[in-house]
Amino acid sequence: MSTFSPERHWAEAFAAAADVRAGEPPWLEATRKGALARFAELGVPARKHEEWKYTRAERIANHPWQPAAAASIGAEALDELELPVAAAPRLVFVNGRLAPDLSRLDGLPPGVVATNAGALLPRDGAWLEPRLDVPVPFTDRAFAALAVAMAPDAAVVRIPRDVSVEATLWVLFVSAPGEDVAASPRLIVEAEPGAGLRLVELHASLGASRQLHNALTEIVAGAAASVEHLRLQLEGAGTTHVAHVHARVARDARYASRTIALGAELSRLDLVVTLAEEGAEATLDGLYVAAQTQHHESRTCVDHQRPHGTSRELYKGVLAGRARGVFSGKVLVRKDAQKSSAEQKNENLLLSRDAEVDSKPQLEIEADDVRCTHGSTIGQLDEDALFYLRARGLDAPAARALLVRGFLGEILAGVEDEALRESLEARALATLSRAGVAAGGAP
Amino acid sequence: MTTPMLEIRDLHVRIDASGTGGTDGEAILRGIDLVLPAGEVHAIMGPNGSGKSTLAHVLAGKPGYEVTKGEVLFEGRDLLSIAPEGRARAGVFLAFQYPVEIPGVGNMYFLKQAVNAVRSHRGLEELDAMEFLSLAREKMKLVEMPEELAKRGVNEGFSGGEKKRNEILQMALLDPKLCLLDETDSGLDIDALRVIAGGVNALRGPARSMLLITHYQRLLDYIVPDHVHVLAGGRIVKSGGKELARELEDKGYGWLQAMRAPAG
Amino acid sequence: MSNQTLEQLAKADYEWGFTTDVEQDILEPGLSEDVIRVISAKKSEPSWMLDWRLDGYRRWLQLAEPHHWAKLSYAPIDYQAIRYYAAPKQKKQLQSLDELDPEIRRTYEKLGIPLGEQKLLANVAVDAVFDSVSVATTFKKELEKHGILFLPFSEAVRRAPELVRRYLGSVVPQGDNFFAALNSAVFTDGSFVYIPPGVRCPMELSTYFRINASETGQFERTLIIADKGSYVSYLEGCTAPMRDENQLHAAVVELVALDDAQIKYSTVQNWYPGDAEGRGGIYNFVTKRGKCAGRRSKISWTQVETGSAITWKYPSCILQGDDSVGEFYSVALTSKHQQADTGTKMIHIGKRTTSTIISKGISAAHGQNSYRGLVRIQKGADGARNYSQCDSLLIGDQCGAHTFPYLEVLNPTAKVEHEATTSKIGEDQLFYCQQRGISEEDAVSLIVNGFCKRVLKELPMEFAVEAQKLLGVSLEGAVG
């Protein structure tokens, strides 16, 4: 039995990476050290931990990951992703560091900040300081603390008051091939009051190396701001993807989250949406598709803190092969959050004998004047519908594929960019057809 | 002169938001005067937002309103100091614009509770299950209510028309003196309207008064009122005979709103 | 009807809160192997029973109190401050029920449970458990004609040792959880039921539990075995005196249904809930589990939980036999400062097993109500079905309602559906009722009974009426 200690391992890795942090202000070093101490103190969650009941944290942490070094990739690598990013304004991060030559930011309205924290530090350190610490809802999450300690840089997007960005802004986190490396991509987004932003956050790896990506995203939607956030997890087959995403939604602001997880061997998303002020609104849509031995866990928490908040959530999962899908969704309505309305739904499709789904929707209601519902279903394709299609002449695989497409469609339909939507659908179906189901893909 | 069924004197009402943590709302009724003698049917018409439904709610005692001035006499007694159920037992009936669903509570059971609450208040014997059932069956014919609806939960899964029938059925069973019909015609097709109007007309009588609250004149083709009042900006701006309704239908409410006295 | 309800509502808070003055045979507080030996000796148990208890005790010492996951908060329990045995002194073996201590007889009469043979509840056989021991069991002879055993547990150990040894702990093993282990060590009495093959039990069987002595815990154990093709309906009721201290109740109920057998188990739990400030009340930590061991067997749990300061219980079904059926119908009401964390587990193992969960939680005053339920479809459970519905009703703004379902599905042919809603008693609904002449309190009990109807109709008649009254009384003062 080896006596590998993740806490000791990361303390050593942190010390060894001092050069990466050279030139950082003392407060940032203090923030990082604080986060590292927090990680050591929290430790890797044991299996008994209610939040880690279905995904074993040791499976993620008990490995001697080495922090990813800086790497550069060519523009052709972006083409490999087969995503419609060529014309889009974008920030590209490789191994957690900005790749200026791959990024393009022309056409953004004046005043919009889209850059890396490193570039911002000399002039906007005071603004960054609180934002670079562990986001409040994640102070007790070991992996979020580790990300704060280890992230070499961060993408920063800031939309000034009352400015609406027309184009969809992409932030791409790409990791270069390399065995046993760990990357810590970080994203900080702030839409000031009245601002509008459509954002795509992409996580992808080049190749199928065994890697850990420990991602951390913090989004603020100021009063009456609108943020649409599409988060794509299209990692390679060797990747373990751990993500913490927090969105704070202010008065009368709207946050629309759509998370699509198709890649990685093991992935876990922790999404917390705080409806922090009156009249805040959030929608959370999610899709997870897993086949073979993939394991995907989506954890969401919508925290209604103030009155008249609205949230609506729909997470859908398709599991094939020996895959396991986990959904854990919490709706919290606090004492002060009267007149809140919350809807949550989780639907799962199990396509094979060896796949497994665990669904844990939760309502925690402390206010009395609320309307909250949740629902969860787990089942297979509707036999009657299959028969109906076959009676209309489709063969069984085509009929199945059609039904699966319909199931995915409810979430994918919200992806406005048609090329992107089609690409995502093709990927999802390809994943499933590799597992021998839903073959047929596009008709 | 005999005591009128209902007398409203200089009634001022505003939204009472004290319970919800908000600020108190603006005045909705700004000095209503109305006399409704026994046996008469009056219609209150007016554009949306004129305060028609508020008037019905205040008369029935719905929480959330504050009477800032004025008084309301029911058979010469102060109405506003009585609890909602007390008003109902005394004979004030409100047919709701949006009848409320109460899942799981059987419609017949609910009606029996209500009828016996009213009867015992009036010093009458409570009806047992059999007596009540035969009374209910008789009244159900009046509004052509299918037996099947009686078995469901109160208004649970009823269509708009079924809910309105259920309201008139309740009115027939509770035998009220003063009927307030709040937008009873809304959401009804002509056939349903005819049935419901027939039920209401059957209940007219010398000892019963009715206040019909409606936006449209259509209802008044079937239930012909003795008087028509026009409500705008929280006041009655015009009163007249049944022909006033026709005039409103032709001209709309615009010409009357111009007549609205300056707000106090 | 409405007058009657009003009368009920107007009554004092907890009308079952009196104490009975009887001579006690009581143990000093504290728990050790010696205490367990004394309990076993008092009951003249065979050595295998004592060994079984000691095994439970040793497991208990290894286990930690389950604090981390349940949404409950209470001061730590001092297990050495509890008396583990209290019984009214009996001079000799009773020859007939007429020899029962008149004080105890009066107690049960006050509770509405007459024990004199001539006044027996029509068609209900009662086992009356007073603190740690069974004091009376009615209709024994009538039942024995059908081969049915309905015995105090301690008597069953003597009279049906092979059945007890075979099934005791077969559904809830000694080391299952902290409270079950404690119960295994110190359980004093409870009911034992055996229904022979093909017998449909001709009457409702019922146990009425009464805590009387102070500082005591109640640890009863119930074991029901329905042999092939048999049917039994079993009812359980409970009350306790009003005391400022908290008292612990840690029971274990095990049900076994063989091929084609059916067990219907109903509970109206009305332990003392504590006062309006949250002082006193019973801590109710109960493990109830049934095993549908046979094909086409069925176990149905119905519970109305209105009492206790703390309720921690998850009546569960292990659906092992193919085509077996599990049901859970629950109304849990928390008012005052009560806390309830309750629900069920449905473990689908056999093929085409089906389960239904209907849970209705009502929170009023400072009550905290959590539904926690697990539906697990094992790999081999082809064609398994589950439907769950969990609704919460809130009355007032100091209470809370929480829903924690866990759905774990390992078989693609299964179909699992879960729905939940949380809402408050609408002001619109109250006003509508008032406008029809129904007072606010009547309207609330009308709406609450409507909300609970789906569950209440599962209860046997007499219990349903009792439960409706209880809901009304428990809500008194919570509105307005």
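Please work out which residue is farthest from C:ARG166 (Cα to Cα), limiting yourself to the range C:74-90 and to residues that are at pLDDT 85 or above and open to solvent by 80 Å² or more (accessible area, probe 1.4 Å).
C:PRO76
Filter the strands (runs of 3 or more DSSP E) completely within the range B:1-108 down to those with at least 2 residues that are under 30 Å from C:LYS424 (Cα atoms) and open to solvent by 50 Å² or more (accessible area, probe 1.4 Å).
Values: elements: B:6-15, B:27-36, B:41-45, B:65-74, B:92-95, B:102-106.
It comes to B:6-15, B:65-74.
Where in the range C:326-408 are the strands (runs of 3 or more DSSP E), entirely inside, with at least 2 residues that are farther than 28 Å from C:ARG296 by Cβ and more than 13 Å from every other protein chain (Cβ to nearest Cβ)?
Result: C:339-348.
Anything in the range B:141-155 that is among the hydrophobic types (A, V, I, L, M, F, W, C) and either touching a Pro at 6+ places or on another chain (Cβ under 8 Å) or outside any helix (DSSP H, G or I) (or both)? List them, or say none. Reasoning before the result, please.
Initially, the range B:141-155 is screened for residues among the hydrophobic types (A, V, I, L, M, F, W, C), giving B:142-143, B:145, B:149-150, B:154.
Within the range B:141-155, B:VAL143, B:MET145, B:VAL154 meet the criteria.
Of the residues A:VAL156, A:VAL200, which single one is in contact with a Ser or Thr (Cβ under 7 Å, 6 or more places away or on another chain) and either modelled with pLDDT under 95 or within 25 Å of A:PRO25 (Cα to Cα) (or both)?
Answer to the selection: A:VAL156.
Can you tell me which of A:LEU202, A:LEU187, A:LEU197 is within 24 Å of A:ALA142 (Cβ to Cβ), open to solvent by less than 10 Å² (accessible area, probe 1.4 Å) and among the hydrophobic types (A, V, I, L, M, F, W, C)?
A:LEU187
Tell me whether the range B:118-128 contains one or more residues that are free of Cβ contacts under 8 Å to residues at least 60 places away in the same chain, within 10 Å of chain C (Cβ to nearest Cβ), among the small types (Gly, Ala, Ser) and assigned to a strand (DSSP E or B).
no
Residues are listed down the side, and each one gets a yes or a no for (1) in contact with a helix residue (DSSP H, G or I) (Cβ under 9 Å, 6 or more places away or on another chain); (2) in a loop (DSSP other than H, G, I, E, B); (3) at pLDDT 80 or above:
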| residue | (1), (2), (3) |
| --- | --- |
| C:LEU6 | yes, no, no |
| C:GLY30 | no, yes, yes |
| C:VAL35 | yes, no, yes |
| C:ILE39 | yes, no, yes |
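Looking at the structure I just gave you, is C:CYS452 within 28 Å of A:LEU363 (Cα to Cα), at the interface with chain B (Cβ under 10 Å from one of its Cβ atoms), open to solvent by less than 20 Å² (accessible area, probe 1.4 Å) and touching a helix residue (DSSP H, G or I) at 6+ places or on another chain (Cβ under 8 Å)?
Against the criterion (within 28 Å of A:LEU363 (Cα to Cα), at the interface with chain B (Cβ under 10 Å from one of its Cβ atoms), open to solvent by less than 20 Å² (accessible area, probe 1.4 Å) and touching a helix residue (DSSP H, G or I) at 6+ places or on another chain (Cβ under 8 Å)), C:CYS452 qualifies.
Scanning the range C:28-53 for residues that are open to solvent by less than 30 Å² (accessible area, probe 1.4 Å) and closer than 14 Å to C:THR188 by Cα, which turns out nearest to the other protein chains (Cβ to nearest Cβ)?
From the range C:28-53, those open to solvent by less than 30 Å² (accessible area, probe 1.4 Å) are C:30-31, C:35-36, C:39-40, C:43, C:49, C:53; that's our starting set.
Narrowing further to those that are closer than 14 Å to C:THR188 by Cα: C:31, C:35-36, C:39-40, C:43, C:49, C:53.
Numbers: C:LEU31: 26, C:VAL35: 31, C:ILE36: 29, C:ILE39: 33, C:SER40: 34, C:LYS43: 37, C:MET49: 33, C:ARG53: 28 Å.
So, considering only residues that are open to solvent by less than 30 Å² (accessible area, probe 1.4 Å) and closer than 14 Å to C:THR188 by Cα, the one nearest to the other protein chains (Cβ to nearest Cβ) is C:LEU31.
Just wondering, is there one or more residues in the range A:345-357 that are touching a residue at least 24 places away in the same chain (Cβ under 8 Å) and among the basic types (Lys, Arg)?
Scanning the range A:345-357 turns up at least one residue that is touching a residue at least 24 places away in the same chain (Cβ under 8 Å) and among the basic types (Lys, Arg).
Would you please list the contacts, defined by Cβ atoms under 6 Å and residues six or more apart or on different chains, that run from a residue in the range A:361-384 that is facing another protein chain (nearest Cβ under 7 Å) to a residue that is assigned to a loop (DSSP other than H, G, I, E, B) and among the acidic types (Asp, Glu)?
Matching pairs, first to second residue: A:ASP368/C:ASP397.
Pairs needed: first member in the range B:78-94, under 19 Å from B:ILE168 (Cα atoms) and more than 8 Å from chain C (Cβ to nearest Cβ); second member anywhere, open to solvent by 50 Å² or more (accessible area, probe 1.4 Å) and in a helix (DSSP H, G or I); C-beta distance under 8 Å; at least 6 residues apart or different chains.
These pairs meet every condition: B:ALA90/B:HIS121.
Filter the range C:415-449 for residues that are more than 7 Å from every other protein chain (Cβ to nearest Cβ), open to solvent by less than 10 Å² (accessible area, probe 1.4 Å) and closer than 21 Å to C:TYR371 by Cβ and give the result.
C:VAL448
For every residue, the table says whether it meets (1) more than 30 Å from C:TRP69 (Cβ to Cβ); (2) in contact with a His (Cβ under 7 Å, 6 or more places away or on another chain); (3) assigned to a loop (DSSP other than H, G, I, E, B); (4) open to solvent by 20 Å² or more (accessible area, probe 1.4 Å).
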residue	(1), (2), (3), (4)
A:ARG47	no, no, yes, yes
A:THR55	no, yes, yes, no
A:ARG59	no, no, no, yes
A:ASP79	yes, no, no, yes
A:LEU91	yes, no, no, no
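Please count how many residues of the range A:286-297 are surrounded by fewer than 24 Cβ atoms within 10 Å (Cβ to Cβ) and of a type in the set (S, T, N, Q).
Result for the range A:286-297: 2.
Would you list the strands (runs of 3 or more DSSP E) that sit entirely within the range C:254-316 and hold 2 or more residues that are among the charged types (D, E, K, R)?
Numbers: elements: C:262-269, C:281-292, C:298-305, C:310-313.
Ranges flagged: C:281-292, C:298-305.
Checking B:LEU149 against (1) more than 18 Å from the chain's Cα centre (by Cα); (2) exposed (fewer than 15 other Cβ atoms within 10 Å of the Cβ); (3) more than 14 Å from chain C (Cβ to nearest Cβ): exactly one of these is not met. Which one?
Going through (1) more than 18 Å from the chain's Cα centre (by Cα); (2) exposed (fewer than 15 other Cβ atoms within 10 Å of the Cβ); (3) more than 14 Å from chain C (Cβ to nearest Cβ) one by one, B:LEU149 breaks only (2).
Would you mention how many residues in the range A:186-205 are within 18 Å of the chain's Cα centre (by Cα) and not in a strand (DSSP E or B)?
0
Just name the residue that is nearest to the chain's Cα centre (by Cα) out of those in the range C:393-407 that are free of Cβ contacts under 8 Å to residues at least 40 places away in the same chain and open to solvent by 10 Å² or more (accessible area, probe 1.4 Å).
That would be C:TYR406.
Which of (1) touching a Leu at 6+ places or on another chain (Cβ under 8 Å); (2) away from chain C (no Cβ under 14 Å); (3) open to solvent by 50 Å² or more (accessible area, probe 1.4 Å) does B:ASP185 not meet, given it meets every other one?
(3)
The conditions are (1) outside any loop (DSSP other than H, G, I, E, B); (2) at pLDDT below 85, and B:ALA261 fails exactly one of them. Which is it?
(1)
Within the range A:340-369, track down each residue that is at pLDDT below 85 and open to solvent by 10 Å² or more (accessible area, probe 1.4 Å).
A:GLU366, A:ASP368, A:ASP369
Of all the residues that make up the range A:345-360, how many are within 7 Å of another protein chain (Cβ to nearest Cβ) and under 23 Å from C:LEU393 (Cα atoms)?
Matching residues across the range A:345-360 total 1.
The values are calculated or read from the model by the stated rules, or taken from the named source; none is laboratory data. As the structure is a prediction and not an experimental result, all values here were calculated from the model. Positions of Cβ are backbone-derived with ideal geometry, glycine not excepted, and every protein chain shown enters the neighbour counts. Remember, those area values only see protein heavy atoms, side chains included, never the ligands or the DNA or RNA. Shrake-Rupley method; radii C 1.70, N 1.55, O 1.52, S 1.80 Å.
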